[in-house]
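Peer 1: Supplied in C-alpha cells, the structure appears directly below.
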Amino acid sequence: MLMVKWSDLSEKLIYRTYPEIHTFHKSLKEMFPIEAGQIDKKDRIIPSLPAPRWVDTQKSTVTRQSTLADYCYALINLPPHISRCKHITTLFKVRPEDENPPAANTLRRNDTFAASRELARGNASEISSPIILDTYRVIADFTKTSKQEMELHTGDLVEIVEKNQNGWWFCQGESKRGWVPASYLEPLDGPDEGEDAEPNYEGELHVTINAYKAEQEDEISLELGDTVAVIHKLLDGWWVVRKGEETGYFPSMFLQKGGKRENYEAERTTLRGQKPPPRRSTIRNAKSIHNRSRKQLSQDAYRKNSRRYLQQKGSRLAEPHRNSKNSSKSPLSERRNQDNIPELSGSSSESELKKEAPVIPPRPSPELILERCTDNTRKKVSIHKSRTSSNS
C-alpha cells in the first residue's frame, strides 16, 4: 500500500506488489543505462532494489518495508528527466482496481508504508514520514462478512488510512486492519463529518451501472443505465440523487460519471461480489459520545431546494437581458437564504454587484460561538479565561 501525494495536493492510496515494482525497476534501468551504471558503475544514480524472495518471513517483510521506503525516496529525488518520466508516473498513477476495495489476495500484502509523491510539475518531494492519520470512534459492533473487512466493537478507536467514496473506509487498529463501513464510525470532536460537501442543486450527471431497489422511504429505486443528477455527495457512500422531480439516497458505488460505454462495463465487472455499506439509520444500538445528532436534510428539503434552484435557473435563461431594476430580488439578498442554494451568475447580477457593496454579516455572540465550536476550542477558551482572571 502506497499513499501517493500529487502536485495538486490530492492524495490517493494505491496497491502494488513487490514483484511488479521490481519489474518496473528492471525496465527503468534499461531505459537509462548510463544512470543505471551499466556502462560505467561510477555513473550509477538509480537506486538498487533486491529481487523478490520465494518465501516471506516476518523479518524479511519488515526489511522489505524499509527497503521500499528508501527506494521510493531515492527514486523521486532523481534528476527530473528520470523522476518525472512517463514510466514512473504510470507506476504511481491510480488504476481502476485502486478505486474499489481490493480482492482477497490483495490484502495479504504485508508491505505497508506511505510515500509522498509530487509529479507532473515542480520538484520532487520527500517521503512523508510519519503521516498523522485521523482517529475515529466505533459507535456499534460490526461483524465482518469477508476476509477484506475488519471486526469492530463499540468504543474502539481506529485510524483511517483511506476514505473511499463508496462508503467503505480502510482502517487499522492495534493489531488488525481492513475495510469497514463509514456509517459505523464517528469523529471524536463532533457528530458532523467536516469533510462532507455542501449540496450542489445544479447536479452532476451520473449513470447507474447497477440496478438498486429502495429499502428505506428516503431512498430511490433506479434501473441499470438510468441518468441522474447527483446533488449531494456524502462520505458514508450514500449520495442524494435527482431524477425528474424525485430525489433519494442511492449507493455511490453503483454510479459512474457520464462517459464511454466501455467504462461502464469495466466498472460493472469490478462490482461483482461487492455490496453497498449499511446506512446509519439501519444500525441498531448505536452509541454516540456526542449529545447532538448529525445534521441531515430531509428529502422534502432536497426536493424543495432543487425545485427553487431550477426555477431560478429557468427564469434567468428565459430573461438573460433583464434589467436589474425590474428584478424583485437581488442576488445579494437571495444569497442570504438558509437553504445553501448556489446562485447563478448573469449580466443583471454583475451590474448589481457593481452598484451594491457586499453586506457584512453580524458577528455572532460569544455564547453562540461557544455553543457551536468544537470541544477542543471550548477547552482552550476556558483555559485562556482562567489565565486572564488569575493575571488580573
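The values are calculated or read from the model by the stated rules, or taken from the named source; none is laboratory data. Worth saying up front: this structure is predicted, and the values here are computed from it rather than measured. Using ideal geometry, Cβ is built from the backbone for each residue, glycine included, and neighbour counts are taken over all protein chains shown. Just so you know, the surface numbers come from the protein's heavy atoms only, side chains and all, with ligands and any DNA or RNA stripped out. Shrake-Rupley method; radii C 1.70, N 1.55, O 1.52, S 1.80 Å.
Peer 1: Under a plain spin-label model, where a point goes 7 Å from the Cα along Cα-to-Cβ, how far apart in nm are S293 and T23?
Peer 2: Here the modelled spin labels are 5.2 nm apart.
Peer 1: Considering only protein heavy atoms and a probe of 1.4 Å, how much of the accessible area of segment 204-305 is carbon and sulfur, as a whole percent?
Peer 2: 45 percent
Peer 1: Something else now. From the phi of every residue in segment 217-230, what ³J(HN,Hα) in whole Hz does the Karplus formula 6.51 cos²θ - 1.76 cosθ + 1.60 yield, where θ is phi - 60° and glycine or proline is x?
Peer 2: With the stated coefficients, segment 217-230 comes to 5, 8, 9, 10, 8, 9, 9, 4, x, 5, 9, 9, 10, 7 Hz.
Peer 1: Okay, moving on. Could you run the Karplus curve 6.51 cos²θ - 1.76 cosθ + 1.60 with θ = phi - 60° over segment 284-291 and give me ³J(HN,Hα) per residue in whole Hz, x for Gly and Pro?
Peer 2: 8, 6, 6, 10, 9, 8, 9, 6
Peer 1: Related question: Just by accessible area at a 1.4 angstrom probe, what is the order of H87, H25, H81, H384 from largest to smallest?
Peer 2: Correct descending sequence by accessible area is H384, H81, H87, H25.
Peer 1: Still on this model: May I ask you to evaluate 6.51 cos²θ - 1.76 cosθ + 1.60, the Karplus curve with θ = phi - 60°, for each residue of segment 382-387 and list the ³J(HN,Hα) values in order in whole Hz, giving x for glycine and proline?
Peer 2: Karplus values, whole Hz, x for Gly and Pro: 5, 5, 5, 5, 5, 5.
Peer 1: Here's something else I'd like to know. With r as the distance between the Cβ atoms of L370 and C85 and R0 = 51 Å, compute the FRET efficiency 1/(1 + (r/R0)^6) and round to 0.05.
Peer 2: 0.40
Peer 1: For the pairs K5/K93; K163/K287; K233/K295, note any where the Cα-Cα span goes beyond 18 Å.
Peer 2: The pairs that break the limit, which is 18 Å between Cα atoms, are K163/K287.
Peer 1: Just by accessible area at a 1.4 angstrom probe, what is the order of S66, S306 from largest to smallest?
Peer 2: Highest to lowest solvent-accessible surface, that is S66, S306.
Peer 1: Under 5 Å between amide hydrogens, which residues at least 5 positions from G248 or on another chain qualify, with H placed 1.01 Å from N in the peptide plane?
Peer 2: So G248 has HN proximity to V241.
Peer 1: Measuring from label point to label point, each 7 Å out along Cα→Cβ, what is the L205 to R284 span in nm?
Peer 2: 4.4 nm
Peer 1: So, by mean Cβ neighbours within 10 angstrom, what's the order for 146-159, 30-43 with the highest one leading?
Peer 2: Order by mean packing, descending: 146-159, 30-43.
Peer 1: Arranged from highest to lowest average of other beta-carbon atoms within 10 Å per residue, in what order do the peptides 369-380, 171-182, 230-241 appear?
Peer 2: Ranked by mean Cβ neighbours within 10 Å, highest first: 230-241, 171-182, 369-380.
Peer 1: Separation between the S175 and D43 pseudo-spin-labels, each 7 Å from Cα along Cα→Cβ, expressed in nm?
Peer 2: Distance between label points: 5.4 nm.
Peer 1: While we're looking at this one, here's another question. Picking from P278, H290, P251, whose Cα lies most toward the positive end of the charge dipole for segment 204-305 (charges on Cβ: Lys, Arg +1; Asp, Glu -1)?
Peer 2: About the Cα centre, the residue reaching furthest to the positive side is H290.
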